[in-house]
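To start, the structure under review is shown below, and the notes come after it.
The values are calculated or read from the model by the stated rules, or taken from the named source; none is laboratory data. Just so we're clear, the structure is a prediction, and the values are computed from it rather than from any experiment. Methodologically, a virtual Cβ is constructed for each residue, glycine included, from the backbone with ideal geometry; neighbour enumeration extends over all protein chains shown. Note: accessible area is taken over every heavy atom of the protein model, side chains too, but ligands, DNA and RNA are not part of it. Shrake-Rupley method; radii C 1.70, N 1.55, O 1.52, S 1.80 Å.
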Amino acid sequence: MKEELIALAQELGFDLCRIAECAAPPHAAEFRAWLAEGRAGEMAWLGRNEARRTDPQQVLPGARSVVVLGMNYWNGEVGMPDAESRGRIAQYAWGDDYHDIIEKKLYVLDEWLIARGGRQRCYVDTGPVLERDIAAVAGAGWQGKSTMLIHPKYGTWLFLSEILTTLEFPPDAPMADHCGKCTRCIAACPTGAITAPRQLDARRCISYLTIENKGSIPEEFRSAIGDRIYGCDECLTACPWNRFAQASRESAFAARDYVHGWTLRDFLALDDDAFRQLFRKSPIKRIKRRGFLRNVCVALGNIGTREDLPALEKAAQDSEPLIAEHAQWAMTQIRARIQKLTEPTAEISATTR
């Protein structure tokens, strides 16, 4: 039956299908300590579900196995092409929302398991499951020093999903840790969010700051965000195991036109209706226009030029205070750069006279 399950998962487009015993995740104590230290930031739901995340029997009483599924989403490009006034979007958000794509596939597997007498709970980053911990137990990869799961064939580019089931399948063996002495992911983090191997302070993480954080981005991190307008891939792309990565088979993960074709000013012109239409079926829609344009303003503050000032002046009058605040900051940054560039010219002219 396990072989049939794996075959069906592959037919549905999953690149990995592994089994773990449904038991407490091995790093449950570390997770609780991480929460107690406040490193989750504003992600309060993690604390509310602490007991369930560390005891899967509270999620599905009688569960015997966890089916761990992985889907490769790498587009065949490490990052984004260099272009003036473009913002970078984390690669997982280049195409359609992975939740929608994977959930449909999980329903098929759920029906298959029901027909064989199982009761299930299915999640794709949507439930109280320490998914990377369980995925490592199932041998779907190992947790790297960035805390990301790494697979020797797919690198860091895997969407994970889980099915807790009352059916019992033979578990797979864990995979050995192959990070060795490498610390490239730690060195690559622009904000120092990876404070030690496998220790992440979400409050410093650019993905957290641009997605999970709903308010103002702390000024101490704005410059380090650079041109990133949704998430961050630095610790992923730095991993040397990505040299073995393969392009995804799922066309829905392909980059939409705006990923490479739109400038930051193009995004800044979006009203609510245009934002909803552009990011329909995209994970970016979840941070809404206010959060996305906040990020765009920060990126313009870091890489914008004189030509961006009119668009920012308009944004500074936006009815959404969060956008207006960050637009004002961006204008201050750009004007300071302009002044710095023109000061030497003025000094030379004065000397010449």
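Based on what the data block shows, is residue 49 of a type outside the set (Gly, Ala, Ser) and under 30 Å from residue 29 (Cα atoms)? Give the steps one after another, and end with the answer.
Working: of a type outside the set (Gly, Ala, Ser): yes; under 30 Å from residue 29 (Cα atoms): yes.
So residue 49 passes the test.
Could you list, in sequence order, all residues of segment 1-34 that are part of a helix (DSSP H, G or I), under 30 Å from residue 204 (Cβ atoms) and open to solvent by 30 Å² or more (accessible area, probe 1.4 Å)? Talk me through it step by step, then tell me what you get.
Of the residues in segment 1-34, the ones part of a helix (DSSP H, G or I) are 2-12, 28-34.
Now drop any that are not under 30 Å from residue 204 (Cβ atoms), which leaves 28-34.
Selection gives 29, 30, 32, 33, 34.
So which of 76, 62 ends up being under 30 Å from residue 303 (Cα atoms), more than 16 Å from the chain's Cα centre (by Cα) and open to solvent by 20 Å² or more (accessible area, probe 1.4 Å)? Lay out the reasoning, then the answer.
Working: 62 fails: under 30 Å from residue 303 (Cα atoms).
So the residue among 76, 62 that is under 30 Å from residue 303 (Cα atoms), more than 16 Å from the chain's Cα centre (by Cα) and open to solvent by 20 Å² or more (accessible area, probe 1.4 Å) is 76.
Report yes if residue 86 is modelled with pLDDT under 95 and of a type in the set (Lys, Arg), otherwise no. I'd like the intermediate steps shown before the answer.
Details: modelled with pLDDT under 95: yes; of a type in the set (Lys, Arg): yes.
Judged against the criteria, residue 86 is a match.
Go through segment 181-198 and give me each residue that's in contact (Cβ under 8 Å) with a residue 12 or more places away in the chain, surrounded by fewer than 19 Cβ atoms within 10 Å (Cβ to Cβ) and of a type in the set (S, T, N, Q).
183
In the list 201, 177, 172, which residue meets the criterion of being in contact (Cβ under 8 Å) with a residue 60 or more places away in the chain, charged (D, E, K, R) and under 20 Å from residue 239 (Cβ atoms)?
On the way: 177 fails: in contact (Cβ under 8 Å) with a residue 60 or more places away in the chain; 172 fails: under 20 Å from residue 239 (Cβ atoms).
One residue alone meets the criteria, 201.
Looking at segment 193-220, which of its residues are in contact with a Lys or Arg (Cβ under 6 Å, 6 or more places away or on another chain) and outside any loop (DSSP other than H, G, I, E, B)?
202, 206
Given the conditions (1) in contact (Cβ under 8 Å) with a residue 24 or more places away in the chain; (2) buried (at least 22 other Cβ atoms within 10 Å of the Cβ), report the number of the one that residue 279 does not fulfil.
Going through the list (1) in contact (Cβ under 8 Å) with a residue 24 or more places away in the chain; (2) buried (at least 22 other Cβ atoms within 10 Å of the Cβ), residue 279 breaks only (1).
From the list 130, 46, pick out the single residue that is open to solvent by 20 Å² or more (accessible area, probe 1.4 Å) and without any contact (Cβ under 8 Å) to a residue 12 or more places away in the chain. If you could, list the steps in order and put the result at the bottom.
Values: 130 fails: without any contact (Cβ under 8 Å) to a residue 12 or more places away in the chain.
Answer to the selection: 46.
Give all pairs with beta carbons closer than 8 Å in which a residue from segment 96-107 that is within 14 Å of residue 8 (Cβ to Cβ) meets a residue that is in a loop (DSSP other than H, G, I, E, B) and of a type outside the set (Phe, Trp, Tyr); count only pairs at least 6 apart in sequence or on separate chains.
Pairs that qualify, where the first residue is within 14 Å of residue 8 (Cβ to Cβ) and the partner is in a loop (DSSP other than H, G, I, E, B) and of a type outside the set (Phe, Trp, Tyr), are 105/13; 106/124.
Determine which member of the set 289, 335 is within 21 Å of the chain's Cα centre (by Cα) and modelled with pLDDT of 95 or more. Walk me through it before giving the result.
Values: 335 fails: within 21 Å of the chain's Cα centre (by Cα).
One residue alone meets the criteria, 289.
Just checking, how many residues over segment 97-117 are part of a loop (DSSP other than H, G, I, E, B) and either of a type in the set (Asp, Glu) or crowded, with 21+ Cβ neighbours inside 10 Å (or both)?
If we filter segment 97-117 for residues that are part of a loop (DSSP other than H, G, I, E, B), which is where we start, we get 97, 115-117.
If we keep only those that are either of a type in the set (Asp, Glu) or crowded, with 21+ Cβ neighbours inside 10 Å (or both) too, we end up with 97.
Going through segment 97-117 one residue at a time, the tally reaches 1.
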